[in-house]
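Report on one structure; see the data block that follows.
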Amino acid sequence: MLDQQDGVWILRQSPYIKKIHPLTVPPQRSEDSPVSAKEISSLRGLGGLQWPSTQTCPHMSASISLLCGETSKATIGTLRQANKTLKFAKENSDVSLTFPKLCKPEDAVMIAMSDASWGVRKDLQSQGGYLVLLSHPKVLRGEESEYIILDWRSYRLPRVIRF
């Protein structure tokens, strides 16, 4: 959904996210119980959250990436975590990408940030991520400024990060 308020462009996917239904998880099954082929199929269906996490919801990117990494070896615990992730997405579906007017385009600065975590995935692989922003040049002087998120990603790193 695209809105424009006072010259600020706003992108959000709250109507789409609100239509996604949680998975049915039998309460009597233990966390480490393996799931059936039908349950894996349902889990992949909940992967519908992957689209907003890459298009308008950077705040969901890491959770979705970690969840997708568990799909092939999913357990009941994975299904419960998927439902928690969906609940988070619904509770935060009003969070949007905003595109305010920052400064003259030729004065804007691009800032990139990245980070990595060691062994946070279920298979003990490492997770990395980055965020690319556009902002007013005053941020380079340590001053606060609005910013525009241009790109982001959270993903399994091909190597294990060690300290």
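The values are calculated or read from the model by the stated rules, or taken from the named source; none is laboratory data. Owing to the predicted nature of the structure, the values given are computational and were not obtained by experimental measurement. Virtual Cβ from ideal backbone geometry, glycine too; neighbours counted across all protein chains shown.
Just a few scattered comments:
- Test: residue 77 is at pLDDT below 90, assigned by TED's automatic domain parsing to the domain that holds residue 23 and closer than 20 Å to residue 122 by Cβ: no
- When residue 38 is tested against (1) loosely packed, with under 13 Cβ neighbours inside 10 Å; (2) farther than 30 Å from residue 136 by Cβ; (3) in contact (Cβ under 8 Å) with a residue 24 or more places away in the chain, just one condition goes unmet, and that condition is (3).
- Flag if residue 93 is under 24 Å from residue 124 (Cα atoms), touching a residue at least 60 places away in the same chain (Cβ under 8 Å) and buried (at least 16 other Cβ atoms within 10 Å of the Cβ): no
- The set of residues in the range 68-90 that are under 30 Å from residue 6 (Cα atoms) and either crowded, with 18+ Cβ neighbours inside 10 Å or without any contact (Cβ under 8 Å) to a residue 40 or more places away in the chain (or both) comprises 88, 89.
- Residues (surrounded by fewer than 16 Cβ atoms within 10 Å (Cβ to Cβ) and touching a helix residue (DSSP H, G or I) at 6+ places or on another chain (Cβ under 6 Å)) located in the range 41-67: none
- If the condition is being polar (S, T, N, Q), in contact with a Ser or Thr (Cβ under 8 Å, 6 or more places away or on another chain) and assigned to a helix (DSSP H, G or I), then the range 21-68 contributes 42, 53, 54, 61, 63, 65.
- Once the range 1-20 is narrowed to residues that are modelled with pLDDT under 90 and in a loop (DSSP other than H, G, I, E, B), the residue that is surrounded by the fewest Cβ atoms within 10 Å (Cβ to Cβ) is 6.
- If the condition is being of a type in the set (A, V, I, L, M) and part of a loop (DSSP other than H, G, I, E, B), then the range 92-132 contributes 95, 102, 108, 120, 124.
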